[in-house]
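All remarks here apply to the structure that follows.
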Amino acid sequence: MTQGIKTFIYPVKDVDRAKSFYSKLLGIEPHCSEPYYVGFKVGDQEIGLLPNGHSAELTAPLGYVHVADIQKTLQSLLDSGAKLEQEIKNVGGGRLVASLKDADGNVIGLLQSAA
């Protein structure tokens, strides 16, 4: 079962400039402001700024579908013809993420929150 796309991550080169821009755009201050991640909560969505995103080959914003079981979901999608973009990894606090490409080459993120 999924909860839909609830997290969007934007790669940024100048985190201070980006933090200022998104604070003005969203009308709020970030709930998390660390050197490795800046996060804004907008309703039930997370807008994240990833300072090292470009060096990790993230070249555009990436939407993450929230799933209950990332391993099961990822395997099912791979079995359906998707191509693995990024293996499952723990990004802290028990959150697991992975990404894949659909048949048209669109990158899709998967996110499993900590239990």
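Run the dipole for the chain about the Cα centre, Lys and Arg Cβ at +1, Asp and Glu Cβ at -1, nothing else charged, and hand back the magnitude in debye, nearest 20.
180 debye
Select one label from [x] 11.3; [y] 7.3; [z] 8.6: the one whose number is mean projected area of the Cα convex hull in nm² as derived from the coordinates shown.
[y]
Simple spin-label model, 7 Å along Cα-to-Cβ: residue 72 to residue 23 in nm?
Simple spin-label model gives 4.2 nm for this pair.
Taking the Cα centre of region 2-112 as the origin and placing charges on Cβ (Lys, Arg +1; Asp, Glu -1), which of 9, 26, 80 is farthest toward the positive end of the dipole?
Value computed over the given set: 26.
At R0 = 25 Å, how high is the FRET efficiency between residue 79 and residue 45 if r is their beta carbon distance? Nearest 0.05 is fine.
For R0 = 25 Å, the calculated efficiency reads 0.30.
Total Lys pairs in region 3-115 closer than 23 Å by alpha-carbon, pairs eight or more apart in sequence or interchain only?
Lysine pairs, 8 or more places apart or on different chains, close enough: 18.
Answer rounded, prolate or oblate for region 1-49, using the Cα gyration tensor with square roots of eigenvalues a ≥ b ≥ c: rounded when a/c is under 1.5, else prolate when a/b is larger than b/c, else oblate. Could you put the intermediate results ahead of the total?
On the way: a/c = 2.22, a/b = 1.62, b/c = 1.37.
Prolate.
Mind giving me the FRET efficiency for residue 86 and residue 3? R0 is 22 Å, r the Cβ-Cβ distance, nearest 0.05 is fine.
For R0 = 22 Å, the calculated efficiency reads 0.65.
With point charges of +1 on the Cβ of Lys and Arg and -1 on the Cβ of Asp and Glu, referenced to the Cα centre of region 31-115, which listed residue (36, 106, 54) lies farthest in the positive direction of the dipole?
Towards the positive end, the residue furthest out is 36.
The numbers here are math on the coordinates, done by the rules we state, and not lab data. A quick note: this is a predicted structure, and the numbers were derived from the prediction, not measured. In this analysis, Cβ positions are derived from the backbone assuming ideal geometry, glycine residues included, and neighbour counts consider all displayed protein chains.
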